[in-house]
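A.B. asks: One structure is given below, represented as structure tokens, and several questions about it will come after.
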């Protein structure tokens, strides 16, 4: 009788542990989906901001808009602004490369990426975020909730 009680108790403990693991995985999945939604929203806002024509203008492709923005930005940018833009591109892409190499991204990385890419256009930031989103969707990067944002 004692052996049967021990088996039932052990089985109950395993079931509780499994339920906790499932709940934890569900919470992580929900948080990841919220962050992916945030990435998609940022991409959408950046795209709308960069390629939506003014009233009476002919719509341009994203590539044409990008070339137009880059040409006008390059013509009017000071050497300091050009250097800051180049540094932002380098830093942002390096952060995504590091996340892919490590296989993880955490909430504080969003803030760091935002700070590093502050000088970039919406389209440039969207391209970097698209790389990160593609890596997450391809299961090359997982969202690590263990490191919370400050």
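A.B. asks: Return the distance in nm (one decimal) between the two label points of a simple spin-label model at residue 101 and residue 17, each offset 7 Å from Cα along Cα→Cβ.
C.D. replies: Placing both labels 7 Å along Cα→Cβ, they lie 3.6 nm apart.
A.B. asks: Same structure, new question: What is the distance, in nm, between label points placed 7 Å from the Cα along the Cα-to-Cβ direction at residue 134 and at residue 108?
C.D. replies: 2.9 nm
Read-outs throughout are calculated quantities, based only on the coordinates presented, and are distinct from any laboratory measurement. Since this is a predicted model, take the numbers as computed values, not measurements. Virtual Cβ from ideal backbone geometry, glycine too; neighbours counted across all protein chains shown.
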